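Asks: Quick one: the structure is below, and I'll ask about it shortly.
The values are calculated or read from the model by the stated rules, or taken from the named source; none is laboratory data. This structure is a prediction, so every number in the text was calculated from the model and none was measured. With ideal geometry, Cβ positions are generated from the backbone for all residues, glycine too; neighbour counts draw on all protein chains shown. These accessible areas exclude ligands, DNA and RNA; they are computed on the full protein's heavy atoms, side chains included. Shrake-Rupley method; radii C 1.70, N 1.55, O 1.52, S 1.80 Å.
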Amino acid sequence: MTVSILEGLNTAQQQAVQVVDGPTLVLAGPGSGKTGVLVRRVAFLSDHVGIDLHNVLAVTFTNKAAREMRERIDALLGAGRAAALTAGTFHSLCARFLRRDIVHLSRERDFAIYDTDDQERLMKRVLKDLNLDDKKYPPRAIRASISSAKNELIDANQYAQQGRTYYDEIVARCFVHYQKLLREANALDFDDLLVETVRLFEQHPAVLEKYQTRYRYILADEYQDTNHVQYMLLKQLASKYRNLFVVGDEDQSVYAFRGADIRNIRYFENDYPEAKVILLEQNYRSTQSILDVAQSVINQSAKRMRDKNLWTENDRGTLVVLQEGYDQDEESYLVASEAARLLSSGDYQPGDIAVMYRTNAQSRALEEALIGRGLRYQIVGGTRFYERKEIKDALAYLRVAHNPADNVSLSRILNWPGRGIGQRTEDELGRWATKLGVPVYRALQKLKNPGGEELPPDTPIPFNARTQKALLSFMGLIDSFIAARHEHDLGGLMDVIFRTLEFESILIREHGEEEGRDRWNNVVELRNVAANYIHMPQESQLPTFLEEVALVSDLDSVRREQDTITCITLHQAKGLEYPVVFLIGLEEGLLPHSRSLDHMDALDEERRLFYVGATRAKERLYMLYAFRRTVFGRTNVSQSSRFLADIPKELLHHMPKRGYTDTQQTSMFTNRSSVNWTGSSTRQTHTEPSNATRGQEKQRTSLTANQPQAVAFFAGQKVNHAMFGEGMVVSSKLIENDEEVTVAFPGKGVKKLLASFANLERIE
DNA sequence: GTACGTTCATTTTTT
DNA sequence: ATGAACGTAC
């Protein structure tokens with residue numbers, strides 16, 4: 001039995017798998033098989049050491065990783081065995097702990113979980129209450145400051161005490177009030193989930209003891225990405241048995257922006273001086289060529305604690321390709337062409353190919369190019385499914401039905417769909433509720449029943465008759481949903497809500513026939529998710545659903561489809577691997593991102609991001625950048641990424657520049673509205689090219705073929721015009737028997753000119 | 001209070 | 001380029 005668990009592992013891997021007791025730090029390079037090690041270690045503990053998996057806790061980076069771990073354990077040990085294992089992200093685990101032991105917090109059992117958007121809405125309320133100008137103090141920034149403070153386990157009082165600047169003082173005041181409103185709404189934000197768990201453990205040693213005893217063995221993946229709270233949690237949980245097994249790679253630390261601290265690796269060695277340190281340096285994933293390129297970039301990293309010596313027995317493989325596109329459209333066009341070429345060679349399937357980029361915005365041009373080629377693709381992330389407006393609105397109704405104190409959700413739906421309750425009324429309502437010291441919902445209840453208990457009889461109701469009527473009818477709606485919650489299961493409740501509101505008609509009224517339908521389809525998809533909860537007792541369906549919706553990221557639901565090309569951000573790509581990888585947008589300002597240019601640490605993180613991207617590739621790596629790029633509708637000449645300069649020339653196959661392939665053609669023919677932006681981003685895939693797209697392919701081919709003879713002007717060329725003076729050609733294309741030249745004239749703008757009329761003079 | 005037009009800010013990256 | 005936020009007109 002043990003043999004099969006250790007089979008095919010190298011010495012270091014076997015060593016890691018077989019550690020029984022004591023703290024262990026595994027420093028694992030990319031592609032070193034660390035997931036396999038984690039899985040087999042769990043299997044080993046179970047089958048060789050005889051540990052009940054009920055006593056094992058595995059912290060993973062995504063819920064998807066947890067699910068995959070379970071599947072692989074089942075595959076190794078037999079179906080169902082992994083069910084006993086506790087596995088999940090810090091956030092889901094903490095939510096579970098809190099849910100179970102919430103009695104210790106002086107709060108009701110059920111709490112709402114506020115995501116970033118909810119937090120920001122609440123922050124707006126905070127600023128309003130404190131009479132602060134949200135122009136001067138952007139809710140986003142305040143939210144971010146508070147979030148980082150929480151990640152450092154700094155509470156509002158401490159923040160107030162150690163605040164130095166005036167801005168800190170403002171944040172401190174917001175922090176205090178923000179927490180107050182959160183508690184009133186019976187809500188915890190993302191950060192609170194972790195912070196409150198640490199506090200729970202601090203204040204109630206018995207509770208901590210319970211978990212310490214239960215989780216005799218603890219494993220944590222992606223340790224380099226833990227922040228301070230997470231570090232504390234691990235420390236608390238592991239302090240009894242000290243069987244903490246962490247796996248990480250400082251070179252792949254790319255989450256400093258959310259508080260991740262690489263130093264946690266060093267702290268680990270301080271906290272557990274007896275820790276075994278195991279290095280996994282052999283890479284099984286990539287070809288030597290790819291690894292060389294990745295190494296040459298990461299070796300320039302400013303300071304690394306421990307130089308790893310990554311090596312592989314894999315073949316050298318094909319050279320890494322470097323190519324410049326004229327602009328982002330051509331860059332994408334080149335990607336699509338090469339992808340199409342690889343696919344037609346028969347060596348690869350769409351699922352073997354991934355395109356990676358720094359920012360989500362970069363996926364647009366890419367998407368158009370892929371559609372233009374009729375390639376199937378999926379965009380991971382982007383606008384996340386659960387962040388779509390229609391989904392959030394639908395969820396808000398469910399959340400209020402579950403927890404009427406949830407003021408943020410209530411305010412979201414107060415006037416959606418429009419029912420004559422405007423800003424004035426909402427503000428008034430908020431003030432009134434504050435005065436009464438109750439959640440808005442309770443205030444509304446009093447409006448409904450003025451004779452009721454707590455309301456002093458002489459309290460004036462601050463609304464006129466019409467407004468009052470609107471508010472009361474809203475209340476009727478909410479109360480009917482609250483009632484429905486007890487009569488129906490989750491799916492039934494959704495049906496009631498969507499039918500009563502006439503959700504579909506609202507969406508169509510607001511967004512028009514086509515987009516409205518798309519949005520409604522998203523809502524239907526949400527409704528379909530309810531089916532997953534059908535086996536649960538009715539009363540726990542809604543809370544469980546709401547919790548999972550808040551904590552499950554889109555990446556968790558990525559289906560690894562074999563027939564779509566994956567488009568994904570570098571961050572999300574961490575931990576994944578593909579035979580073919582395109583890294584696009586390798587330019588100064590993008591990678592490294594402009595926001596990181598002034599900070600050395602941030603710059604280093606960008607470098608690691610590059611490294612992460614490059615090491616996702618197994619067989620073929622393409623690196624692209626564009627000569628010019630349009631950002632915010634403004635076009636600038638760009639410079640290739642400084643990281644490219646760190647790669648020795650001989651490691652690259654530098655593709656010659658192509659003339660400007662007139663990608664304008666593609667955009668012209670691509671009917672933008674046919675691109676479905678509203679569908680669930682990870683689920684939706686472009687299936688087959690529309691007729692229009694097919695026709696376009698034909699035209700495009702013939703155009704490209706004729707172009708060299710026919711086009712007299714090309715991009716980048718300098719020209720002189722009688723009226724506008726000197727300018728530079730942006731693009732040129734054939735129109736019937738003439739040529740339309742787009743020229744940028746400095747100070748005079750971009751003009752479209754017909755070659756036969758404009759009398760353009762070429763300048764060399 | 002809403003409907004429309006205009007301005008303006010917006011893009012890191014995520015649980 | 002796109003969408004949210006603000007202003008003016010009903």
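Asks: Test of understanding: among A:G248, A:G259, which residue is more than 16 Å from DNA strand C (Cβ to nearest atom), over 19 Å from the mean Cα position of the chain (by Cα) and of a type in the set (G, A, S)?
Replies: A:G248
To keep it simple, each residue is scored yes or no on (1) touching a residue at least 24 places away in the same chain (Cβ under 8 Å); (2) surrounded by fewer than 16 Cβ atoms within 10 Å (Cβ to Cβ); (3) of a type in the set (A, V, I, L, M, F, W, C).
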residue: A:Q252; (1), (2), (3): yes, no, no
residue: A:D271; (1), (2), (3): yes, no, no
residue: A:L291; (1), (2), (3): yes, no, yes
residue: A:S301; (1), (2), (3): yes, no, no
residue: A:D315; (1), (2), (3): yes, yes, no
residue: A:V335; (1), (2), (3): yes, no, yes
residue: A:L343; (1), (2), (3): yes, no, yes
residue: A:I353; (1), (2), (3): yes, no, yes
residue: A:R358; (1), (2), (3): yes, no, no
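Asks: In this structure, does A:L132 turn out to be away from DNA strand B (no atom under 14 Å from the Cβ), outside any helix (DSSP H, G or I), at pLDDT 90 or above and not β-branched (V, I, T)?
Replies: Taking the combined requirement at face value, the residue does not satisfy it.
Asks: Anything in region A:406-415 that is open to solvent by 20 Å² or more (accessible area, probe 1.4 Å) and not in a helix (DSSP H, G or I)? List them, or say none.
Replies: A:N415
Asks: Here is a follow-up. Check A:V549, A:V581, A:V558 and return the single one that is modelled with pLDDT of 95 or more and either open to solvent by 20 Å² or more (accessible area, probe 1.4 Å) or of a type outside the set (D, E) (or both).
Replies: A:V581
Asks: Only one of these is charged (D, E, K, R), within 31 Å of the chain's Cα centre (by Cα) and closer than 23 Å to A:N264 by Cα: A:K34, A:K64. Name it.
Replies: The unique qualifying residue is A:K34.
Asks: OK, next. Within region A:585-635, which residues are open to solvent by less than 10 Å² (accessible area, probe 1.4 Å), more than 8 Å from DNA strand B (Cβ to nearest atom) and not in a strand (DSSP E or B)?
Replies: Correct list: A:G585, A:L586, A:L591, A:P592, A:F610, A:Y611, A:V612, A:G613, A:A614, A:T615, A:R616.
Asks: Inspect all residues belonging to region A:328-341 and state whether any of them is modelled with pLDDT of 90 or more and assigned to a loop (DSSP other than H, G, I, E, B).
Replies: The answer is no; no qualifying residue exists.
Asks: For region A:418-433: of the residues being open to solvent by 20 Å² or more (accessible area, probe 1.4 Å) and in a loop (DSSP other than H, G, I, E, B), which is farthest from DNA strand C (Cβ to nearest atom)?
Replies: In this case the residue turns out to be A:R419.
Asks: Hey, another quick one. If we scan region A:637-656, do we find a residue that is within 16 Å of DNA strand C (Cβ to nearest atom) and at pLDDT below 95?
Replies: No, the conditions are met nowhere in region A:637-656.
Asks: Let me ask something else about it. Just to check your reading of the model, which residue among A:F463, A:F474 is under 35 Å from the mean Cα position of the chain (by Cα) and either at pLDDT below 85 or in a helix (DSSP H, G or I) (or both)?
Replies: Going through A:F463, A:F474 in turn, just one is under 35 Å from the mean Cα position of the chain (by Cα) and either at pLDDT below 85 or in a helix (DSSP H, G or I) (or both): A:F474.
Asks: Right, next: Somewhere in region A:79-90, is a residue open to solvent by 60 Å² or more (accessible area, probe 1.4 Å), more than 22 Å from the chain's Cα centre (by Cα), touching a residue at least 12 places away in the same chain (Cβ under 8 Å) and more than 30 Å from A:R216 (Cβ to Cβ)?
Replies: Within region A:79-90, none of the residues are open to solvent by 60 Å² or more (accessible area, probe 1.4 Å), more than 22 Å from the chain's Cα centre (by Cα), touching a residue at least 12 places away in the same chain (Cβ under 8 Å) and more than 30 Å from A:R216 (Cβ to Cβ).
Asks: A:R70 - would you say it is without any contact (Cβ under 8 Å) to a residue 12 or more places away in the chain, assigned to a helix (DSSP H, G or I), open to solvent by 50 Å² or more (accessible area, probe 1.4 Å) and on the phi < 0 side of the Ramachandran plot?
Replies: Considered against the rule, which asks whether it is without any contact (Cβ under 8 Å) to a residue 12 or more places away in the chain, assigned to a helix (DSSP H, G or I), open to solvent by 50 Å² or more (accessible area, probe 1.4 Å) and on the phi < 0 side of the Ramachandran plot, A:R70 comes out as no.
Asks: Still on this structure: With the checklist (1) open to solvent by 40 Å² or more (accessible area, probe 1.4 Å); (2) touching a residue at least 40 places away in the same chain (Cβ under 8 Å) in hand, flag the one item A:K649 doesn't pass.
Replies: (2)
Asks: OK, next. Out of A:L219, A:L233, which single residue is under 27 Å from A:S46 (Cα atoms) and in contact with a Cys (Cβ under 8 Å, 6 or more places away or on another chain)?
Replies: A:L233
Asks: Please go through region A:281-303 and give me each residue that is among the basic types (K, R) and more than 27 Å from the chain's Cα centre (by Cα), ordered by number.
Replies: Correct list: A:K303 only.
Asks: I'd like to check which helices (runs of 4 or more DSSP H) are fully inside region A:138-191 and have at least 1 residues that are open to solvent by 40 Å² or more (accessible area, probe 1.4 Å), modelled with pLDDT of 90 or more and within 16 Å of DNA strand B (Cβ to nearest atom).
Replies: A:139-151
Asks: Residue check: is A:A112 of a type in the set (G, A, S), in contact with a helix residue (DSSP H, G or I) (Cβ under 9 Å, 6 or more places away or on another chain), more than 16 Å from DNA strand C (Cβ to nearest atom) and at pLDDT 90 or above?
Replies: Judged against the criteria, A:A112 is not a match.
Asks: A:G351 - would you say it is over 29 Å from A:I113 (Cβ atoms), in contact with a strand residue (DSSP E or B) (Cβ under 9 Å, 6 or more places away or on another chain) and small (G, A, S)?
Replies: yes
Asks: A follow-up question, please. Does A:I298 satisfy the criteria of being under 30 Å from A:F503 (Cβ atoms) and either more than 16 Å from DNA strand B (Cβ to nearest atom) or not charged (D, E, K, R) (or both)?
Replies: The answer is no for A:I298.
Asks: Among the residues of region A:91-106, are any open to solvent by 50 Å² or more (accessible area, probe 1.4 Å), within 24 Å of A:K210 (Cβ to Cβ) and outside any helix (DSSP H, G or I)?
Replies: Within region A:91-106, one or more residues are open to solvent by 50 Å² or more (accessible area, probe 1.4 Å), within 24 Å of A:K210 (Cβ to Cβ) and outside any helix (DSSP H, G or I).
Asks: From the list A:A149, A:A141, which residue is more than 14 Å from DNA strand C (Cβ to nearest atom) and under 21 Å from the mean Cα position of the chain (by Cα)?
Replies: A:A141
Asks: Can you name the residue in region A:353-395 that is assigned to a helix (DSSP H, G or I) and among the basic types (K, R) and, of all such residues, is nearest to DNA strand B (Cβ to nearest atom)?
Replies: A:R364
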